[in-house]
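Okay, structure first, notes after.
The values are calculated or read from the model by the stated rules, or taken from the named source; none is laboratory data. Owing to the predicted nature of the structure, the values given are computational and were not obtained by experimental measurement. Glycine also receives a Cβ, built like all others from the backbone with ideal geometry; neighbour counts cover every protein chain displayed. Heavy atoms of the whole protein, side chains included, go into the accessibility calculation; ligands, DNA and RNA do not. Shrake-Rupley method; radii C 1.70, N 1.55, O 1.52, S 1.80 Å.
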Amino acid sequence: GCKDLTSIIIPSSVISIREGAFSDCKGLTSVTIGDNVTSIGAKAFYNCIGLKSVTIPNSVVSISDSVFEGCVGLSSVTIGNSVKFIGGHAFAGCDGLTSIIIPNSVESIGDYVFASCDYLTAINIPNSVTSLGENAFNGCDELASVIIGDKVSTIGYRAFYKCVSLTSITIPNSVTSIGASAFQDCKNLASVTIGNNV
């Protein structure tokens, strides 16, 4: 809640950013995360509406719940290639995001991860991901291109709910379960290919 804090450099001596560390620092525009940080706690940068870009270093293995939720000004995110888990709501409501690269290290995408990212246009879910959480892309109005990797086994409840710009989807053979309402209200969805293991 330090409203006048505009920038922060987290040195290489730091290994963990704890829960809520910079929550509601609404004037924060610049963050440098040291290359020895291994975990970023829940809501660490929650509602930092002035934050423009962030680079998550390769040392980080876990992004906790709601870390960047509500960072409406966030337009550029680089996720290091050691991250295995992206927690629920991690980037929910980040209206400034138009694209993001999920590295091949990621194994699990939590619930509501990119929910209400209104201007996210494309997503490539890599082959390393095995599960796609509930409401993961709920309300991503501009999401028009989705590639689902061939290791994903479950697509969660309302995963693509109200993704009105989505016109086609291919569900790979790895998927065994599609949650309720996964594509509900995708009013422009015209082509669906469902893998033979659902």
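Summary of values
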quantity	calculated
Boolean, S105 is open to solvent by 30 Å² or more (accessible area, probe 1.4 Å), in contact with a Lys or Arg (Cβ under 7 Å, 6 or more places away or on another chain) and under 27 Å from A144 (Cα atoms)	no
Pairs where the first residue, in the range 33-51, is assigned to a strand (DSSP E or B) and the second is surrounded by fewer than 21 Cβ atoms within 10 Å (Cβ to Cβ), C-beta under 6 Å, 6+ apart	I33/I10; I33/P57; S39/S16; S39/S62
Any hit, the range 81-94, residues being buried (at least 21 other Cβ atoms within 10 Å of the Cβ), at positive phi and either not charged (D, E, K, R) or not in a loop (DSSP other than H, G, I, E, B) (or both)	yes
Yes/no for S23 being part of a loop (DSSP other than H, G, I, E, B), under 18 Å from S59 (Cα atoms) and of a type outside the set (D, E)	no
In the range 143-178, the residues that are surrounded by fewer than 21 Cβ atoms within 10 Å (Cβ to Cβ), touching a strand residue (DSSP E or B) at 6+ places or on another chain (Cβ under 6 Å), within 19 Å of S116 (Cα to Cα) and of a type outside the set (A, V, I, L, M, F, W, C)	S145
Pairs where the first residue, in the range 107-129, is part of a strand (DSSP E or B) and the second is open to solvent by 60 Å² or more (accessible area, probe 1.4 Å) and of a type in the set (A, V, I, L, M), C-beta under 7 Å, 6+ apart	N124/I147; I125/I147
Condition check for V60: surrounded by 17 or more Cβ atoms within 10 Å (Cβ to Cβ) and either closer than 23 Å to G27 by Cβ or under 9 Å from the mean Cα position of the chain (by Cα) (or both)	no
L166 being over 21 Å from the mean Cα position of the chain (by Cα) and within 23 Å of D111 (Cβ to Cβ)	no
Criterion violated by K52 - all others in (1) more than 24 Å from T154 (Cα to Cα); (2) buried (at least 17 other Cβ atoms within 10 Å of the Cβ) satisfied	(2)
D4, sole failed condition from (1) loosely packed, with under 14 Cβ neighbours inside 10 Å; (2) closer than 20 Å to F91 by Cα; (3) among the acidic types (D, E)	(2)
Residue pairs meeting the criteria (Cβ under 6 Å; at least 6 apart or on separate chains; first outside any strand (DSSP E or B), in the range 4-16; second open to solvent by 50 Å² or more (accessible area, probe 1.4 Å))	T6/T29; S12/D35; S12/N36; I15/N36; I15/T38
Pairs where the first residue, in the range 20-31, is more than 18 Å from S76 (Cα to Cα) and modelled with pLDDT of 95 or more and the second is among the β-branched types (V, I, T) and open to solvent by 30 Å² or more (accessible area, probe 1.4 Å), C-beta under 7 Å, 6+ apart	F22/I8
